[in-house]
């Protein structure tokens with residue numbers, strides 16, 4: 001309806017864990033003017049884990065804005081394992097309304113000392129309609145790793161896409177990964193695609209060490225949006241206007 005979703009804060013001195021069919025859903029689906037925005041979720045703990053297919057879902061199917069999701073841990077945030085049906089642990093941030101006035105997807109931010117996605121765990125940030133895709137920010141003081149595949153052979157990954165083929169299609173969201181060490185191994189990858197009329201999302205990786213091994217890959221289908229390769233060296237690049245172009249400060253070359 002027209003009311004705004006509530007704020008949910010989970011705080012623990014040690015650990016917050018979800019496993020199997022458990023998870024969190026934050027949905028707004030009202031299609032009339034004045035639709036309320038989805039709520040805000042924040043989890044704070046020393047360690048946060050989603051195992052065996054557990055998930056976070058922030059979805060927008062109407063005119064309200066999608067919910068913001070913040071996971072903040074002093075030690076680790078981890079997503080790993082899958083359910084019996086093959087669905088891995090995941091975060092899903094989507095906007096799907098196809099008419100005028102579609103709300104934008106929510107924002108996802110994960111902050112910890114170490115962040116890991118394993119066994120085919122995935123972040124989906126997808127726009128299926130006219131709303132803009134959600135911003136995804138992963139920030140770690142030490143490492144961010146994506147590694148391994150699930151039982152169906154799907155690697156751990158970040159999937160940023162815009163799919164709507166009609167007029168006014170929403171652009172995909174921006175992805176920022178910032179850590180001392182970033183690694184994609186054993187089939188893990190980033191995919192930033194445009195399969196409709198919206199612009200592809202910008203992908204920015206900032207690290208002192210950036211590793212991509214053992215069949216891992218970065219993919220990006222052709223389209224009007226920019227694509228970024230892994231940037232290492234600890235500097236923050238600046239981008240010139242226009243898709244697919246990058247200017248590195250002279251002091252960092």
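The values are calculated or read from the model by the stated rules, or taken from the named source; none is laboratory data. What you see is a predicted model, and the numbers here were worked out from it, not measured in a lab. Heads up, the Cβs are rebuilt from the backbone with ideal geometry, glycines too, and the neighbour counts pull from every protein chain shown.
General observations
- In the stretch 21-50, the residues that are crowded, with 19+ Cβ neighbours inside 10 Å and either touching a helix residue (DSSP H, G or I) at 6+ places or on another chain (Cβ under 8 Å) or at pLDDT 95 or above (or both): 43, 45, 48, 49, 50
- Answer from 137, 144 - the residue that is in a strand (DSSP E or B), surrounded by 20 or more Cβ atoms within 10 Å (Cβ to Cβ) and in contact (Cβ under 8 Å) with a residue 24 or more places away in the chain: 144
- Among the residues making up the stretch 51-90, a single one is part of a loop (DSSP other than H, G, I, E, B), surrounded by fewer than 20 Cβ atoms within 10 Å (Cβ to Cβ) and in contact with a strand residue (DSSP E or B) (Cβ under 7 Å, 6 or more places away or on another chain): 52.
- First in the stretch 110-125 and at positive phi and surrounded by 24 or more Cβ atoms within 10 Å (Cβ to Cβ), second anywhere and at pLDDT below 95 and in a strand (DSSP E or B), Cβ under 6 Å, 6 or more apart: 120/88; 120/149
- Residue pairs whose Cβ atoms lie under 7 Å apart, separated by 6 or more positions or on different chains, with the first residue in the stretch 14-27 and touching a residue at least 24 places away in the same chain (Cβ under 8 Å) and on the phi < 0 side of the Ramachandran plot and the second surrounded by fewer than 17 Cβ atoms within 10 Å (Cβ to Cβ) and part of a strand (DSSP E or B), are 14/46; 15/46; 16/10.
- Filtered by the rule that a residue be closer than 16 Å to residue 90 by Cα, at pLDDT below 90 and touching a strand residue (DSSP E or B) at 6+ places or on another chain (Cβ under 7 Å), the stretch 107-134 gives 124, 125, 126, 134.
- Some residue of the stretch 73-93 being at negative phi and modelled with pLDDT under 70: no
- Just so you know, in the stretch 188-211 the residues that are modelled with pLDDT under 75 and in a strand (DSSP E or B) include one that is farthest from residue 116 (Cα to Cα), and it is 194.
- If only residues of the stretch 157-187 that are in a loop (DSSP other than H, G, I, E, B) and in contact (Cβ under 8 Å) with a residue 60 or more places away in the chain are counted, the one that is nearest to residue 120 (Cα to Cα) is 173.
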